[in-house]
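Readers should treat all values here as calculations from the given coordinates under stated rules, not as data from a laboratory. This is a predicted model, so every value here is computed, not measured.
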Amino acid sequence: MAIVLPLFLGFCIAFLAVILPGLINMTAAKISLEEGKSQAMSFAIGASVIVFFQTYLAVLFARFISSHVEIISLLQEIGILIFTGLSVYFFWIAKKPKKPKAAIKIKGKSNRFFFGILMSMLNFLPIPFYVFASISIASSGYFHFERYEILNFVLGVVLGSFTVFYIYLVAFKSIEKKTQFLMKNINTIIGCVTALMALFTVFKLCYN
């Protein structure tokens, strides 16, 4: 159970984090539609390679933070302010619908594996996200910063991310209407998520 649980948690966290339409998801879908599934698969694999290193780095940083209780308390307090600010921001801009952006333009047909690596490297958000995610599940007792658990958690995140990429590249046409709905309401969705995270952090601080 100690081996399977980190893998399962990593998969679920990554799947839920990546399922909303994003630059990598939509690029994988566009490559699949324009150049074929094999090129899109190469792109998704390249992106997943960087996800592995980003998550591993994030968990190692989280392990360091977890050994310093004063840092965790400070981060939780900062997190409340950040999540509250983000909630206000996203709820405010959600009232102002924006025109949909033009489709992603992909020039040339160079090696899509390295293109996936490049696109994923430009996205720094996974590192702080998985720092907080791993600290949260560790503080709940479902995860420990042991070598094998770290590796299983990281592999779970990679598998969860790649699964979402794969869904987009093979089934984008069938889920296109749903992604359009998500894109129209993404600000409200993110605002709700950040508000819940702020409330959860307040609850943890009050009952620690």
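Of note:
- Potential lengthening of the chain between residue 127 and residue 37 amounts to 29.6 nm, from the contour at 0.36 nm per residue minus the alpha-carbon distance.
- Shape metrics for segment 6-54, restricted to C-alpha atoms - Rg then Dmax, Å: 11.9, 37
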